[in-house]
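These notes are about the structure you will find just below.
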Amino acid sequence: MRPALRNAGHARLRLRRGAGEASELITRGVGAPGLFALALSTVGASLYFALGVVAGDALGLTPIAFLVAGVLFVVTLLSYIEGNSLHPERGGASTFARYAFNELVSFVAGWAILLDYLIVMAIGALAVSHYLAAFWGLADDSAAEIVISAATIAFVAASNVRGLSADRLGFVLPLSLLNIALVVTVLGVGLGQLFDLGAITDTVHLGSTPDWDDLVFGTVVATVAMLGIESASGLAGEVRVGRRKLRRLAMVTPAVALVLFVGGSVLALMAVPVHGGSTELGGRWIESPMLGVVSAFTPGGVMDAFRYAVGAMGAALLVVTVNSQMLGLSRLAYSLATNRQVPSIVGRLDRRRATPYVAISLAAVIAFGLTLTSDLKFLAGIFAFGAMLAFAIANLSVLRLRFSERDRPSAYRVPLSVPVGRGSIPLPTALGALLAAVAWISVIVLHRGALIVGGSWMTFGVLLYVVYRQAQDKPLTKRFTIPAAALREPEEVEYGSILVPLFGEELDDDIVGTAGRLAADHADESEGGAVLEALYVFEIPMSLPIDARVPEERVEEAKRLLARAKEVGEEYEGVEVATAMVRGRSAGAAIVSEARRRGVEAIVLAAEQPTRVRGGAILGGRGRARDRFVGETTRYVVEKAPCKVILTAPPADETPKPL
């Protein structure tokens, strides 16, 4: 069989794709309830998996640790709302840094957040099995833990590859509200049965129980709930929330978070108090602290009822949290890829669902690998490294935007701003930047594992960024974007009818061969076979009538070319070649007209080179700037054709010769 392309250097370009198709498929509208639910799902889930780690370090001062973390949560949330109001694009801290500083700082923030998404996914997947132990006692065994963690991550990855758009997140809001109701009920019953402030205050000995290092580390780990802000920020550009609802969101979300943080930690220390400088919340119950809390309830029937309720809610909410982290990660990875901050393959979109399946698959593998450590404290330390770095950059970015984009309209501004020079400084944002920076430094000093792993992650990322940018001949600090369609996986299309214009050049055989192979692929699955429409156009000058006589030698030449095309095309099984000669004022217009009249599914075209004669189109020279790549006929067909156009051209050092 004749090869479809004789020269490996021939390039085939599929054109006329809808440039906005991928973008339309990946975006959906979402309102204030969706944002509230997505942010609070992580806030609520943090009690289910972070409470144990924090209490194990902060001991009797755990409520204080969560209170400080809550303050950082509040001020950072306000900064994110203002940042996304200024630039409603997916990417969160990475987007803010792009406009406030440059692409390198933007990448550092984005890469740090990617690490946090992975860590929270791993922690959440690990904790699922321990909450399922309320129903099946063996669920928290090491083997079952691995299987359940793998199943959780696989389910989340499959859901996100299949496509989890914002309008399909409706179930998250009722689940978050149901969890709030459950936690409030647990608080009511627990405080009624177990209230004893002395169980907390009597165990506190500043500097020893807990020591300062552990208190600081526990406080930083308590900020894990803040990643819900970044996940919600990933929906920017899809948000349909007015100014009033934004302000309400900025008030309600922090209030609910503080109640859950402080109230839950107070009850936890009363239910599982500190003894001998430690608490079982950070030992036996570290993976499922809320089960430890309700296990102290009496009588047994009440305890069992709450264990089942907390076990079911914990497992469900943790799966939702893992899912929201994957959703945020995939959108951030897509944003980094479209801005040429990571290789485009990372943001490659599935051809049918327009989801970044490569990023999702890689994240699933890495997150599962992290679960194999089964060490929540170690994972929490790594999280703190990335989170504090990213949130410091986010707050600093909003501060800078107050000066660099002071006149840009915004639906929301952080309150309590102080005029400074030609701009202003929002005091909550300044406080957030300071707290996050101090917390990040403390993690570096106090957690060697976080420094090694987090530092290695960031070093690898920056090296990847530098090498990739240099390979693309792009500077490190300037923004360059690629269209969404460029990240779309090429579709495997089938062609039952293909129009093949002939020009009497050496490349004609390759064009027919390419079309024949495409048609043969379709013919294998169709009883009717496939048809190539070989076409030769007689260009009739405007000085002559359209039905003017064509010289006999040109007609004979056309017949010879069409016969050759039929011979080449029908070498492919199931392919029939029909031939035709038509007249037209220009080859491009005739090809488009015939394609429309015949209803073909594609045109395979030999892309002629543009003229190198200067002087403008009137003098037969170069025309517009885009004509640098193809000639007039090719350009016309690409722009006007009613179907897909596939171009085949020789390498630059080869010049097609007449047959």
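Only the coordinates and a few stated rules stand behind these numbers; no lab work does. Everything numeric in this text was worked out from a predicted model, so none of it was measured. With ideal geometry, Cβ positions are generated from the backbone for all residues, glycine too; neighbour counts draw on all protein chains shown.
R0 = 60 Å: FRET efficiency of GLU571 with MET303, Cβ-based, nearest 0.05?
Values: r = 79 Å, r/R0 = 1.31.
Approximately 0.15, to the nearest 0.05.
Quick query: amide H of TYR412 versus all other amide H atoms, modeled in the peptide plane; which residues come in under 5 Å with a sequence gap of 5 or more or a different chain?
Those qualifying (amide H under 5 Å, at least 5 residues apart or on another chain) number zero.
Could you let me know the centre-to-centre spacing of region 562-598 and region 448-478, using Cα atoms, in angstrom?
Going from one Cα centre to the other spans 52 Å.
What is region 30-471 by shape, rounded, prolate or oblate, if you read a ≥ b ≥ c off the alpha carbon gyration tensor as root eigenvalues and call it rounded for a/c under 1.5, prolate for a/b larger than b/c, and oblate otherwise? Show your work: numbers first, answer last.
Values: a/c = 1.56, a/b = 1.33, b/c = 1.17.
Since a/c reaches 1.5 and a/b is larger than b/c, the shape of region 30-471 is classed as prolate.
May I ask you to list the chymotrypsin sites (Phe, Trp or Tyr not before Pro) in region 248-339 that are in a DSSP loop and have at most 15 other Cβ atoms within 10 Å of their Cβ? Present the calculation step by step, with values, prior to reporting the outcome.
Working: sites: PHE261, TRP285, PHE297, PHE306, TYR308, TYR334; in loops: TRP285, PHE297.
The qualifying sites: there are none.
Going by how many other beta carbons lie within 10 Å of each one, how would you line up THR321, THR298, THR209, THR373, fewest first? Write out the running numbers ahead of the final one.
Values: THR321 32, THR298 9, THR209 17, THR373 12.
Ordered from fewest to most neighbouring Cβ atoms within 10 Å, THR321, THR298, THR209, THR373 come out as THR298, THR373, THR209, THR321.
Whole-Hz Karplus ³J(HN,Hα) for region 264-278, in order, using 6.51 cos²θ - 1.76 cosθ + 1.60 and θ = phi - 60°, x for Gly and Pro?
With coefficients 6.51, -1.76 and 1.60, one gets x, 6, 5, 5, 4, 6, 7, 6, 10, x, 7, 9, x, x, 8 Hz.
For a quick check: with amide H placed at 1.01 Å from N, whose amide H comes under 5 Å from ARG348's, ignoring anything fewer than 5 positions away on the same chain?
Those lying under 5 Å, H to H, from ARG348 are VAL358, ALA359.
Please list, by residue number, every one of the GluC sites (Glu not before Pro) in region 549-595 that is coil in DSSP and has at most 16 other beta-carbon atoms within 10 Å.
GLU570, GLU571, GLU573
Report ³J(HN,Hα) in whole Hz for each residue of region 104-117, in order, from the Karplus equation J = 6.51 cos²θ - 1.76 cosθ + 1.60 where θ = phi - 60°; Gly and Pro get x.
5, 5, 4, 5, 4, 4, x, 5, 5, 5, 4, 4, 5, 4
Could you work out the relative contact order of region 30-471, using alpha carbon pairs under 8 angstrom and six or more residues apart, expressed as a whole percent? Intermediate values should be presented prior to the final figure.
Values: 764 pairs, mean separation 147.3, N = 442.
Once normalised by length, the contact order is 33 percent.
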